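One structure is given here, and the rest of the page talks about it.
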Amino acid sequence: MIRDILLQLASYPSPTPDWVFDPVVRLAERFDARISVALCQVHIPRVSNFLADRLVGANEVIARENDLSREHALRLAEAFVAQVPETVRGEQMLVDCISRAAAAQVAARGRLFDLLVLPVHGDPEQESLAEGLVFGSGRPVLLLPESARAQPWDRVILGWDGGRAAARALADAIPLCRAAREVRIVAVGGEKPLGHGPGLDSVREHLARHEIAAECVEIAAKGKNAGAALLDHAAQVGADLLVAGAFGHSRMREFILGGATRSLIAAPTLPVLLSH
């Protein structure tokens, strides 16, 4: 069930645009959920080097940027109250961030929420933030591009390769699939061999036990990785939501994104639910 949604809002260098509130409110109302926000206010530390401060006025510049972040954060807080109905409005959490990405702080706050929502609006650190939330929160993360403003959440595509991450994403997406009108399980053939896990028909039977009717489709990679192929297919069939497992390689307790996951994060053309 989806009862608690955490929406990440950025205040620096440019604030999260107001369009994000409408699709999240529609999603919350659909599940009788509440929306809380993790509002990142960037606090850049002062430089301790006297010469750097004297020559280029570093601390004066830093103070201006911190003031800008505070102003943006205040406006976002006001927009949250103005645009999110009280019936679905949760708490505002001001997160003091030392960088724009601030993934660790938001991921920690998000571990007791059912769904984390990350707006996609051209932030140059979007990939780093998404990676940190997906691999650090333990919760599903919904990447939300502006195209979501007009989408009704009715047509869902489940990417399936038989692996552990895909299974986690499938479980996290059950509430969204139950509320959808059409669910399609899609395997990408030709990009790599499918895992040794259950096949498409077994996934369909599993969803049927949750009273979810789904069709199975296998598509060709056509030289693309699985993430890019799934995005292309979603565009072709007019899907509202793409669900996929997030894959990464652990190095020194950090994750290096796999190619398919990187494609989904870099430029999602529709809402993408990622689970690890």
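The values are calculated or read from the model by the stated rules, or taken from the named source; none is laboratory data. Please read these numbers as outputs of a predicted model, since none were measured by experiment. All Cβ positions, even for glycine, are placed from backbone atoms using ideal geometry, and neighbour counts span all protein chains on display.
Pick from region 72-88 the residues that are without any contact (Cβ under 8 Å) to a residue 60 or more places away in the chain and more than 14 Å from Gln8 (Cα to Cα): which of them is surrounded by the fewest Cβ atoms within 10 Å (Cβ to Cβ)? Only one residue fits best here, namely Glu86. One residue alone among Ala171, Ala179, Ala166, Ala130 is outside the structural domain of Ala33 (by TED's automatic domain parsing), out of contact with any Ser or Thr (no Cβ under 6 Å at 6 or more places or on another chain), buried (at least 23 other Cβ atoms within 10 Å of the Cβ) and among the hydrophobic types (A, V, I, L, M, F, W, C), and that residue is Ala166.
The residue that is surrounded by the fewest Cβ atoms within 10 Å (Cβ to Cβ), among those in region 133-146 that are touching a Pro at 6+ places or on another chain (Cβ under 8 Å) and over 14 Å from Ala169 (Cβ atoms), is Glu146.
Given Glu125, Glu131, which one is under 13 Å from the mean Cα position of the chain (by Cα) and acidic (Asp, Glu)? Lay out the reasoning, then the answer.
Values: Glu125 fails: under 13 Å from the mean Cα position of the chain (by Cα).
Only one candidate passes the filter, namely Glu131.
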